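Below is one structure, written out as structure tokens, with a few remarks after it.
What follows draws every value from the coordinates through simple rules; no lab data is involved. All of these numbers come straight from a predicted model, not from anything done at the bench. Quick reminder, even Gly has a Cβ in these numbers, built from the backbone with ideal geometry, and neighbours come from all protein chains shown.
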Amino acid sequence: MQEEIGYIVLGFQKEIPNNLFSDNVPPSVLTQLTDNLSNVCSSLENMFFTIEKIGKFSILSIIYPKSIENKVQNDYKLISLILPVGHSIKGDVLGCLQNLMELCNKGLMDNLKNMLEDEISQLQLIPKQKRERHVSERIGYIIFQSKLEIQNKFQKAFIGDFKTVYFISSNNSNIEQIDGIERITTLSEGLFLTLYGFDPVEYEVIKNGKKVEVVSSKVQINQSDLIEIKTLKTNELLKKITIGTISLSYTLDDLYPEIEKNNRQIKKKGILFFLIIIILIASLISFIINLTNQTKNESINSSYKSITSRTKSKEIDTANAEEYIKQSKIRATYDFSELTVSNFPNAVDSNCQFFLYQINNNEMLDSVCKLSPTTYTNKLSLKDTVLNLTTLIDGQTFYKTIPLDIIFPTKYYIKSGETLLGISKRLGVSFDLIKSLNNIQNDNDIKVDQILLLK
């Protein structure tokens, strides 16, 4: 699908679809939009709107029920705008949908397709800055007094983690009786819960009664969401949070300080007992074989290494962890698309959490571990020569500044929201040279995933 606004005009009569017009629409969207909507069409509504997610596409629709006296509602028209992934709309999208419906109701069939496309051309696609999040199967509805209340939602194609949201101007008993539908009073956007040091092997996050995945230490949230954090082993509730109007951040100790404190105390006692047993065994062996003090020390070290190896202990000697991090030669390489962190010290295992921060503004880039040392970022440039690495080991935090090696590419793939001037500044390549190498006449005539030659 090209980066253009697609559209569908559907007419339904006695539950039989009549596909009038469609253009630039993926087959999967066209198939799923043919579902019968007669169960939500009510004579109480002249028109109502919907935003729906189908796969990676956002579907903005206006629905026009025809009145049938004292009978079950069967006839309606549906007009939908199809947005490509990662885009919003600039312009009066609700006004456009209503104008499209009026054109269809006038029945000017001969030139209708051209008139529809002329009307849609007044809108402009805008790349979204935020990454698309996981969509659930939730369905909701919003009662609005004025289109101004919902215009912003349609321009941004935003419905949070809902799959479908109906926007109606008055009570609609048909919509309200849909099984599992939720009444929505507000749709907050851009809210996140950040859980630093969160271990998905030990804990789980429940949002409004359903388990959710924690991606890069973050969970997307909406206002009034109920968040519960539980242990997987005992299902014990550690923290209950009701979301307000701002994003939230917690560390491991913020969430469950007593449990972590007790765990650390138990670990320390266990290690101490373990070491005492080792020393007794080593002392007995050294007494029997009557070795020198030097031989005895070597025997103790050998026994310690042998026993810890056999038990495959995951405990980390936090007293020496800071020294391990300082002495390690952790490296970061970046080719303007992938950031790879390598050479993690052997003393830290895969359970340790590493958080990368951009040095010049202390903005967190991502979290990595020994098992997944690669992250994607568009935020780094030639001026970034070092990064901050924050390491969480057994509840303790250690810091290290690591050098950043930038690998200059010969080709560059344009990403959503980028401009030639921005690419030129970030890569340190002459703006005019990029235009000359790629035979670009118009600065704005570039597309996502287009290849730029850089030398």
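Please list log₁₀ I(q)/I(0) at q = 0.12, 0.13, 0.24, 0.26 Å⁻¹ for region 191-255, using the Debye equation with identical point scatterers on the alpha-carbon positions. Values, matching the q order: -0.25, -0.29, -1.07, -1.28. The calculated FRET efficiency for D449 paired with V201, based on their beta-carbon distance and R0 = 51 Å, is about 0.90. With both labels modelled 7 Å from their Cα along Cα-to-Cβ, the K240 to I414 distance reads 5.2 nm. Couplings 3J(HN,Hα) for region 428-444, derived from phi with the Karplus relation 6.51 cos²θ - 1.76 cosθ + 1.60 (θ = phi - 60°), are x, 10, 4, 4, 5, 5, 4, 5, 5, 5, 10, 6, 9, 8, 9, 4, 8 Hz, where x marks Gly and Pro. Pairwise Cα separations in region 353-455 fall into 5 Å bins from 0 onward with the following percentages, short to long: 2, 10, 19, 20, 14, 12, 9, 7, 4, 2, 1, 0. Computed over the alpha-carbon atoms, region 411-453 gives an Rg to Rh ratio of 0.89, Rh here being the Kirkwood radius from the mean inverse distance. Phi angles of region 145-156 translate, via the Karplus equation with coefficients 6.51, -1.76, 1.60 and θ = phi - 60°, into HN-Hα couplings of 8, 9, 4, 4, 5, 10, 4, 5, 5, 6, 5, 8 Hz per residue; Gly and Pro are given as x. For region 191-255, the Cβ-based charge dipole about the Cα centre amounts to some 220 debye (Lys, Arg positive; Asp, Glu negative; other atoms uncharged).
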